[in-house]
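Reading through the structure tokens given below for one structure.
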Amino acid sequence: MKVASIQMNVREDKEKNIQKALKFVDQAAKEGAKLVCLPEYIDYMGPDDKELKQKISETIPGPTTNLFSEKAKELGIYINCGSFMEKADDGRSYNTSVLFNDQGEIIATYRKMHLYDVEMEDRISIKESDAIKPGTELSVVDTPVGKMGLSICYDVRFPELYRSLALQGAQIMFIPAAFPIYTGYLHWELLIRARAVENQCYVIATGQYGFYDTGEGVEDAKYGSSMIVDPWGTVIARAPEGEGIITADIDITKVDEFRNTIPCFEHRKPEYYQL
């Protein structure tokens, strides 16, 4: 099965962002992709304004999911729409990922669980939880093309989440992201490949790339470097700088092949430790 990862530079105009994402999906399908993945925050990247984010947020189902549902059905493909802001019940939003099957049906949703609240002197001060409410549930779905596990960006630093997805049978894991450049050049590839190797599964990591306005008189940069990694930890596709599409052919039978070659799951000793 051919899969695609779409690297984008999202800005402040939600409508333009969504339409650009849909055009990229069309192009990926023309290139033969049957599963297409988008980055985190396909709807908005800009000043960290809680009220604005709440205004942009929507329900599920809603306008954005309706558009991607129609597109998945039209093209007969699976779409992981990265993530966008879903209305929460406390004045904040959820950072939510939605997966559509080739009939345009929503088959899985995941609300980002681990929120990026980080202080780095002279580099960044960000508290995602000011505007985003954390999710509380994992998401794994069985499909005719493999079992898929959902996650988002900062989640990648918590291996317990991915082991839990793998123990629920996930063979393909999604990591849509807006990874900061100052940690990306050291940590991004290391973390993505580690999640693939330790869980012996495919990982499709799809990133935001480039600069955006923070609203503080400066621009911040996202690392990009979207990649598709196989269960052996090999990067089988990697995005260059800029927006664009990468594709790779994956063989879901290789997951069991790798897990049988080095039977880590059989060798676990859960009686001696806990997640």
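No lab work stands behind these numbers, since they all come straight from the coordinates. Small disclaimer: the values here were computed from a predicted structure and weren't measured. Methodologically, a virtual Cβ is constructed for each residue, glycine included, from the backbone with ideal geometry; neighbour enumeration extends over all protein chains shown.
Numbers for the structure displayed
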quantity	calculated
Leading residue by the ranking (surrounded by the fewest Cβ atoms within 10 Å (Cβ to Cβ)) among those in the stretch 240-275 that are outside any helix (DSSP H, G or I), touching a strand residue (DSSP E or B) at 6+ places or on another chain (Cβ under 8 Å) and not acidic (Asp, Glu)	242
Considering residues of the stretch 146-188 that are of a type in the set (D, E, K, R) and closer than 26 Å to residue 125 by Cβ only, the residue surrounded by the fewest Cβ atoms within 10 Å (Cβ to Cβ)	157
Hey, residue 207 not basic (Lys, Arg) and not in a strand (DSSP E or B) or not	no
When residues of the stretch 111-165 are limited to those that are touching a helix residue (DSSP H, G or I) at 6+ places or on another chain (Cβ under 6 Å) and of a type in the set (Val, Ile, Thr), the one farthest from residue 224 (Cα to Cα)	140
Residue 89, sole failed condition from (1) charged (D, E, K, R); (2) assigned to a loop (DSSP other than H, G, I, E, B); (3) buried (at least 22 other Cβ atoms within 10 Å of the Cβ)	(3)
The lone exception for residue 225 - which of (1) within 18 Å of the chain's Cα centre (by Cα); (2) assigned to a strand (DSSP E or B) it fails	(2)
Filtered residues of the stretch 69-125 (kept if hydroxyl-bearing (Ser, Thr, Tyr) and closer than 17 Å to residue 143 by Cβ)	69, 78, 97, 109, 110
Options 239, 194, 170, 166; residue that is touching a residue at least 24 places away in the same chain (Cβ under 8 Å), over 21 Å from residue 79 (Cα atoms) and of a type in the set (A, V, I, L, M)	194
Test set (1) within 24 Å of residue 97 (Cα to Cα); (2) in contact with a strand residue (DSSP E or B) (Cβ under 7 Å, 6 or more places away or on another chain) - residue 198 fails condition number	(2)
Residues located in the stretch 98-110, provided they are surrounded by 20 or more Cβ atoms within 10 Å (Cβ to Cβ) and assigned to a strand (DSSP E or B)	98, 99, 100, 110
Condition met for residue 170 (in contact with a Pro (Cβ under 7 Å, 6 or more places away or on another chain) and closer than 24 Å to residue 7 by Cβ)	no
